[in-house]
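The values are calculated or read from the model by the stated rules, or taken from the named source; none is laboratory data. These numbers come from a predicted model, not from an experiment. Heads up, the Cβs are rebuilt from the backbone with ideal geometry, glycines too, and the neighbour counts pull from every protein chain shown.
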Ligand SMILES: [Mn+2]
């Protein structure tokens, strides 16, 4: 080997040694996540908000994440993208915590989005907002920004679980109230750790949050949550339909998917009938091409899927591999997750239908 080549190798070795020790320095760096988050520019304040039709996970991930950011010295405030009703309302009442104010227009504001990454599901004006963080456990949605942002997505059962992992990573202990909210979002989104989206991390943090929350009878507590979820006292059928409703852009189509659980008081047959009567009106009012409802009856192990809109019958039949009834409904075995099961089936149905 020529001396020049030797020299080059030596230099290369020295460079790689130097970068090694630099890497080592970085690995012992106290909390990189904290540095990244606190290093961003938040202006006077930043609003943390979940998706429209706020459910437990959207509401409580926003509240707990705002509390976590406050501990890092950031002036963060929680908001909700609509009136808090049913299950999350019960959780807040039981905890003695007021609901965050409703945010109706995000135009020009500094915001953090939790539990969604679709503009179609976000507060109006989100496309004109300054989005600083997105904390989510769904597939990447339609949200795009022209500037760099903190995009933190993990494939866990709830956004509340993600926020709980961030408390851990940042070395922060949630208060009993924060643990209670995080636990409730986790329980709700994973249907008490039974849904297809539940991961070992969800189980581990469930146990940890339960101990921190001070809740003594978790079975009874979740039974009350479920009861609140399916108690639609004083609500119109349109409000029931929209109580857990998400909009998606799928292959150029605007699609709405609502999820409602049947109960002893409102059986799945009656629920299906009542939703069918109002769903086309909701579809038209929202300018959607198709609407599908996921009406689950866990007891009977079935899900009823009424649908409306041009082509929705073919899409539903292709999605679930079954024939629809004459009154526009598919009856299938129980589906536990809109995100992991229902939405992928509809997306595949639409793509098959488009290629017929
Ligand atoms: Mn969620």
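Observations
- Qualifying residue in segment 293-300 (condition: under 15 Å from residue 348 (Cα atoms), part of a loop (DSSP other than H, G, I, E, B) and over 25 Å from the mean Cα position of the chain (by Cα)): no
- Check on residue 142, more than 16 Å from the ligand (Cβ to nearest atom), within 30 Å of residue 277 (Cβ to Cβ), touching a helix residue (DSSP H, G or I) at 6+ places or on another chain (Cβ under 9 Å) and in contact (Cβ under 8 Å) with a residue 60 or more places away in the chain: no
- For the residues 50, 73, the requirement of being within 16 Å of the ligand (Cβ to nearest atom) and either under 19 Å from residue 129 (Cα atoms) or modelled with pLDDT of 95 or more (or both) singles out 50.
- Flag if residue 66 is within 16 Å of the ligand (Cβ to nearest atom) and at pLDDT 95 or above: no
- Taking (1) part of a loop (DSSP other than H, G, I, E, B); (2) in contact (Cβ under 8 Å) with a residue 24 or more places away in the chain in turn, residue 303 satisfies each apart from (1).
- Residue check, residue 179 within 14 Å of the ligand (Cβ to nearest atom), assigned to a helix (DSSP H, G or I) and surrounded by 14 or more Cβ atoms within 10 Å (Cβ to Cβ): no
- Evaluation of residue 203 against (1) surrounded by fewer than 19 Cβ atoms within 10 Å (Cβ to Cβ); (2) modelled with pLDDT of 95 or more; (3) part of a loop (DSSP other than H, G, I, E, B) (one fails), failing number: (3)
- Against the test of being touching a helix residue (DSSP H, G or I) at 6+ places or on another chain (Cβ under 8 Å) and modelled with pLDDT under 95, the options 323, 263 yield a single qualifying residue, 263.
- Boolean, residue 339 is touching a residue at least 24 places away in the same chain (Cβ under 8 Å), surrounded by fewer than 18 Cβ atoms within 10 Å (Cβ to Cβ) and within 16 Å of the ligand (Cβ to nearest atom): yes
- The residue that is surrounded by the fewest Cβ atoms within 10 Å (Cβ to Cβ), among those in segment 90-122 that are assigned to a loop (DSSP other than H, G, I, E, B) and within 16 Å of the ligand (Cβ to nearest atom), is 118.
- Residue match in segment 153-168 (condition: more than 16 Å from the ligand (Cβ to nearest atom) and closer than 16 Å to residue 91 by Cβ): no
- Residue 8 being modelled with pLDDT under 95, surrounded by 10 or more Cβ atoms within 10 Å (Cβ to Cβ) and more than 16 Å from the ligand (Cβ to nearest atom): yes
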